[in-house]
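FYI, it's all coordinate maths here, none of it is from the lab. Since the structure is predicted, the reported quantities are computational estimates derived from the model, not experimental observations. So basically every Cβ, Gly included, is an ideal-geometry build from the backbone, and we count neighbours across all protein chains shown.
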Amino acid sequence: MTNLKQKVAIITGSAASIGESIARHFHECGAAVVIADCNAEGGAALARDLGERAVFVETDITDDSALDALVEAAVERFGSLDILVNNACSYGDDGPQTDRDTWLGTLNTNVVSAALLGEKARPHLKKAGGCIVNIGSISGVAPHIHRWAYPVSKAALIHLTRTQAVEYADDGIRVNLLRLGHIWSAPFAGLTGDDRAHADKVVTPYNLKGRVADGKEVAQVAAFAASEEASYVTGAEIPVDGGYTTLGPERRDPLMALLSREA
């Protein structure tokens with residue numbers, strides 16, 4: 001298991017779903033975890049469940065004063081800050097009909113808040129020789145029909161990651177992004193009526209694994225990216241997508257055979 005002992009990590013959006021998996025795994029790896037979420041009930045329950053080395057800080061990441069309080073609470077409670085995971089996310093998106101307020105809300109949550117929290121955490125991360133892990137999506141590199149604001153926000157997060165990596169290099173802070181594919185999460189459960197078998201069937205043509213991933217499969221890669229094992233990795237996009245980006249538009253269909261009518 002990846003060693004995160006003596007590390008302190010803030011994980012936004014970690015009261016449930018993928019963020020919860022990241023918080024649980026980091027804790028298993030020895031880190032002290034700061035659960036930052038606007039879901040007070042879920043966040044408090046997770047902190048109680050984890051017990052030692054876990055604290056919940058109710059946080060609206062679009063509120064600058066709340067971000068200040070979050071960083072302050074982490075350092076006050078655990079004495080330092082080594083890792084920031086920008087996982088919290090808005091899925092606000094009505095495709096081409098997305099109104100201005102939704103556009104701004106999605107960009108504010110998914111990009112602006114990650115940038116501002118990174119800067120507020122920067123002095124502490126510099127002192128610790130720490131890192132930032134941004135949670136991105138395949139939506140940031142591939143257009144998805146009927147979805148506009150969310151993919152655009154994730155594309156912006158990719159460039160933010162590169163910008164942070166360059167800007168923070170002299171501070172000794174590494175910044176990387178996990179580019180997630182089809183992960184079993186709250187959105188997938190909601191869309192499928194909590195039918196994972198159906199989700200696996202639907203995504204089979206779109207990735208090489210033929211299934212959705214568990215949140216822990218994301219958490220394990222996040223832990224590696226946050227650990228000393230990845231000490232020479234910065235400014236990178238790490239695909240956690242089951243081969244989605246490798247597969248390409250032809251998927252696994254034998255084009256030549258189809259052209260020659262052999263299939």
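Go through Ser90, Gly30, Ser137 and say which Cα lies farthest out towards the positive end of the charge dipole of region 8-259; charges sit on Cβ, +1 for Lys and Arg, -1 for Asp and Glu.
Among Ser90, Gly30, Ser137, the one farthest towards the positive end of the dipole of region 8-259 is Ser137.
Using 1/(1 + (r/R0)^6) with R0 = 35 angstrom and r between the beta carbons of Asp68 and Asp194, what's the FRET efficiency to the nearest 0.05? It would help to have the intermediate numbers written out before the result.
Details: r = 38 Å, r/R0 = 1.07.
Plugging the Cβ-Cβ distance into 1/(1 + (r/R0)^6) gives 0.40.
Under a point-charge model restricted to the Cβ atoms of Lys and Arg (+1) and Asp and Glu (-1), what is the dipole moment magnitude of the chain relative to its Cα centre, in debye to the nearest 20? Working shown, then result.
Details: 24 positive and 34 negative charges, 150 e Å.
Value, rounded to 20: 720 debye.
Multiply the residue gap between Ala186 and Thr204 by 0.36 nm, knock off their C-alpha separation, and tell me the result in nm, one decimal place. Mind dumping the intermediate values first?
Details: separation 18, 0.36 × 18 = 6.48 nm, distance 1.93 nm.
Stretched fully, the Ala186-Thr204 segment lengthens by 4.6 nm.
Could you give the length gained by full extension between His146 and Glu41, i.e. 0.36 nm per residue of separation minus their alpha carbon distance, to one decimal place?
In short, 34.5 nm is gained.
If each residue's Cβ is checked for other Cβ atoms within 10 Å, how do Glu167, Glu41, Glu52 rank with the fewest at the top?
Numbers: Glu167 14, Glu41 11, Glu52 6.
Ascending Cβ contact count within 10 Å gives the list Glu52, Glu41, Glu167.
What number, in percent, do you get for the relative contact order of region 8-259 if the mean sequence gap of Cα pairs under 8 Å and at least 6 apart is divided by its residue count?
On the way: 468 pairs, mean separation 45.8, N = 252.
Relative contact order comes out at 18 percent.
What distance in nm separates the two pseudo spin-label positions at Gln6 and Asp101, each 7 Å out from Cα along the beta-carbon direction?
5.0
With charges only on Cβ, +1 for K and R and -1 for D and E, what is the dipole size of region 188-231 about its Cα centre, in debye, rounded to 20? Before the final figure, lay out the partial values.
Details: 5 positive and 7 negative charges, 46 e Å.
In debye, rounded to 20, region 188-231 gives about 220.
For Arg122, Arg53, which order do you get if you count the other beta carbons within 10 Å of each Cβ and list the fewest first?
Values: Arg122 20, Arg53 17.
Going from least to most buried by this count: Arg53, Arg122.
How many nm separate the modelled label positions at Glu229 and Leu116, each set 7 Å beyond the Cα in the direction of the Cβ?
Taking the simple label geometry, Glu229 and Leu116 are separated by 3.5 nm.
Modelling each spin label as a point 7 Å along the Cα-to-Cβ direction, I'd like the Leu258/Tyr91 distance in nm, to one decimal.
Each label point is offset 7 Å from its Cα along the Cβ direction, giving 2.9 nm.
With a 10 Å Cβ neighbour count serving as the proxy for reagent exposure, in which order, fewest first, do Arg179, Arg77, Arg24 appear? Could you put the intermediate results ahead of the total?
Working: Arg179 24, Arg77 14, Arg24 20.
Starting with the residue having the fewest Cβ neighbours, the order is Arg77, Arg24, Arg179.
What value, in deg cm²/dmol to 500, does the helix sum -39500 (n - 2.57) over DSSP H runs of n ≥ 4 give at 222 nm once divided by the residues of the chain? It would help to have the intermediate numbers written out before the result.
Working: 11 runs with 118 residues, N = 263.
Taking each H run of at least 4 residues, the total per residue is -13500 deg cm²/dmol.
Fully extended, how many nm does the chain gain between Lys216 and Ala169 (0.36 nm per residue separation, minus their Cα-Cα distance)?
On the way: separation 47, 0.36 × 47 = 16.92 nm, distance 2.89 nm.
Once the chain is fully extended between Lys216 and Ala169, it gains 14.0 nm.
With point charges of +1 on the Cβ of Lys and Arg and -1 on the Cβ of Asp and Glu, referenced to the Cα centre of the chain, which listed residue (Ser227, Thr62, Gly118) lies farthest in the positive direction of the dipole?
Ser227
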